[in-house]
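First the structure, in the form of structure tokens, and then the observations on it.
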Amino acid sequence: MITIDIIETRVRSFIEDIQHPKQKKKININDLEIQLRKRLDDYFEMDGYTLFYRTIEALQAEGQLTPIQNHQYNGRTPALALYYWVNMKVQAVKWDRLAMMKLGDLFDFSYYERHPEWQTEEEWSRIQNLYTFLKSSQERETVSVEERSLELFGHEKFLLDGDSFPEGKGFLARIGVSEEQLKMVNYGEPFVFWIKQGKELKDIQRVLIVENLSFFHTSIKLLEANELDYEPELIIYGEGTKIERSFSFFFRMFPAKPYLFYYAGDLDAAGYAILIRLIEKYPDCCIQPALKIYRKMLECLEQRNDQKAGQTQNTQYRDPFFQWFTDDEQAILHQLWQENKRIAQEVLTIESWRRWM
């Protein structure tokens, strides 16, 4: 227990030192751990990272830290976000206990009793707005997250995932209210798609999602010439990571039935991550890599180029992606990974595609 106290005490002390009463501060979690290791000679012997991880998770639960959700991680297991906001130092303001009791029919204030630093005027104003809404929620219509956020909290992005208002989701957790109670829905973004000529919505069964615009247009040409693998009835332009936000829109547009989704993107760290996150987020859908298309890309190994700057090589996504391929193919993929190289989807043109026919 002494080791836990050492790790936690040092990390909390560092966070307290840099907290500011009027603005958030951004930290790199790897830099923080490196500083900790320098100050503790027996860091590895005490399994310091596990204790460090627990401390960061505790600080996040308390609202001291908020992870920046940009799909960058620290490369350790279990993983932490690479960057965090150090939230503002809150000056404790005791709320009126009678006022709390009046709202007690809907809210549990035990968290605020344990953490009086959250008893601020701004937090109380949010709670009052939320209480007023919940009292009449049965009469309200379901609207978008942005619309409800603006109505209740003064900004349309307050409850969205992102860096603008990292405390939004934390507020609902503190007061014990679910997003469902707010009668709001996070609408998927519309996407660009192409239906094969002569097909109707009821005919769609196989769907091909492609990451890049050039291959989207190439795929359309191949589909119309009956030369495209999987013979999809529908092609979706994934637009990089946008498909992760827009995929849910598919189920608002097309009939509810089982579909076969095939995904093809760049052979690089970002491309692997997009596919694996889609599979994880939509476990009830049949989503798999378009292996025939990826194999054509591997035939263009000589056209590999450097990994894009800023991409995080995360084995959390790499390993499950590689498992779809044969041992020989995995050897090539590992070679690309080790050399920090990639194969862009744009290697597949009408001309290169037809060389394999």
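The values are calculated or read from the model by the stated rules, or taken from the named source; none is laboratory data. Everything quoted here is computed from the prediction, not taken from an experiment. Positions of Cβ are backbone-derived with ideal geometry, glycine not excepted, and every protein chain shown enters the neighbour counts.
Cβ-Cβ distance below 7 Å, separation of 6 or more or different chains: which pairs start in the range 222-244 with a residue that is small (Gly, Ala, Ser) and end on one that is at pLDDT 95 or above and outside any loop (DSSP other than H, G, I, E, B)?
238/209; 238/210
What are the pairs, 6+ residues apart or on separate chains, where a residue within the range 23-39 that is among the charged types (D, E, K, R) has its Cβ under 8 Å from a residue that is assigned to a helix (DSSP H, G or I)?
Sorted first by the residue in the range 23-39, then by its partner, the pairs are 25/18; 33/49; 33/52; 37/48; 39/10.
May I ask you to say which residue of 353, 337 is more than 30 Å from residue 82 (Cβ to Cβ), among the aromatic types (Phe, Trp, Tyr) and crowded, with 16+ Cβ neighbours inside 10 Å?
Working: 337 fails: more than 30 Å from residue 82 (Cβ to Cβ).
Being more than 30 Å from residue 82 (Cβ to Cβ), among the aromatic types (Phe, Trp, Tyr) and crowded, with 16+ Cβ neighbours inside 10 Å holds for just one of 353, 337, which is 353.
Can you tell me which residue in the range 72-124 is farthest from the chain's Cα centre (by Cα), limited to those that are farther than 17 Å from residue 167 by Cα and β-branched (Val, Ile, Thr)?
Only one residue fits best here, namely 93.
What pairs come up if the first residue lies in the range 167-184 and is without any contact (Cβ under 8 Å) to a residue 40 or more places away in the chain and in the same structural domain as residue 131 (by TED's automatic domain parsing), the second is among the charged types (D, E, K, R) and in a loop (DSSP other than H, G, I, E, B), and their beta carbons are under 7 Å apart, counting only those six or more places apart or on different chains?
172/179
What tally of residues in the range 316-357 results from selecting those that are in a loop (DSSP other than H, G, I, E, B), closer than 21 Å to residue 211 by Cβ and touching a residue at least 60 places away in the same chain (Cβ under 8 Å)?
Count: 4.
Looking at residue 328 and the list (1) at pLDDT 95 or above; (2) under 24 Å from residue 227 (Cα atoms), which single condition is not satisfied?
Condition (2) is where residue 328 drops out.
How many residues, within the range 44-73, are closer than 19 Å to residue 87 by Cα and in contact with a helix residue (DSSP H, G or I) (Cβ under 8 Å, 6 or more places away or on another chain)?
Step one: filter the range 44-73 for residues closer than 19 Å to residue 87 by Cα, giving 52-70.
So of that shortlist, the ones also in contact with a helix residue (DSSP H, G or I) (Cβ under 8 Å, 6 or more places away or on another chain) come out as 52, 54-56, 58-59, 63-67.
Of the residues in the range 44-73, 11 are closer than 19 Å to residue 87 by Cα and in contact with a helix residue (DSSP H, G or I) (Cβ under 8 Å, 6 or more places away or on another chain).
Which one is farthest from the chain's Cα centre (by Cα), of the residues in the range 198-252 that are in a helix (DSSP H, G or I) and of a type in the set (Asp, Glu)? Spell out the reasoning first.
Initial filter on the range 198-252 (in a helix (DSSP H, G or I)): 201-203, 213-224, 242-252.
If we keep only those that are of a type in the set (Asp, Glu) too, we end up with 203, 224, 244.
On the way: 203: 32, 224: 35, 244: 8 Å.
Checked the range 198-252; the qualifying residue farthest from the chain's Cα centre (by Cα) is 224.
Go through the residues of the range 67-90 one by one and say whether even a single one is surrounded by fewer than 17 Cβ atoms within 10 Å (Cβ to Cβ) and more than 30 Å from residue 245 (Cα to Cα).
yes
Give just the number: which of (1) in the same structural domain as residue 49 (by TED's automatic domain parsing); (2) in a helix (DSSP H, G or I) does residue 75 not satisfy?
Unmet for residue 75, out of (1) in the same structural domain as residue 49 (by TED's automatic domain parsing); (2) in a helix (DSSP H, G or I): (2).
Only one of 117, 141 is in a helix (DSSP H, G or I) and surrounded by fewer than 17 Cβ atoms within 10 Å (Cβ to Cβ). Can you tell me which? It would help to see each step written out before you state the result.
Values: 141 fails: in a helix (DSSP H, G or I).
Criteria check complete, one pass: 117.
Of the residues that sit in the range 166-214 and are in contact with a helix residue (DSSP H, G or I) (Cβ under 8 Å, 6 or more places away or on another chain) and aromatic (Phe, Trp, Tyr), which one is surrounded by the most Cβ atoms within 10 Å (Cβ to Cβ)?
This residue is 171.
Are there any pairs, at least 6 apart or on different chains, whose C-beta atoms fall under 8 Å, with the first in the range 129-152 and closer than 21 Å to residue 103 by Cα and the second of a type in the set (Lys, Arg) and in a helix (DSSP H, G or I), and if so, which?
Final answer for the pair search is 152/126.
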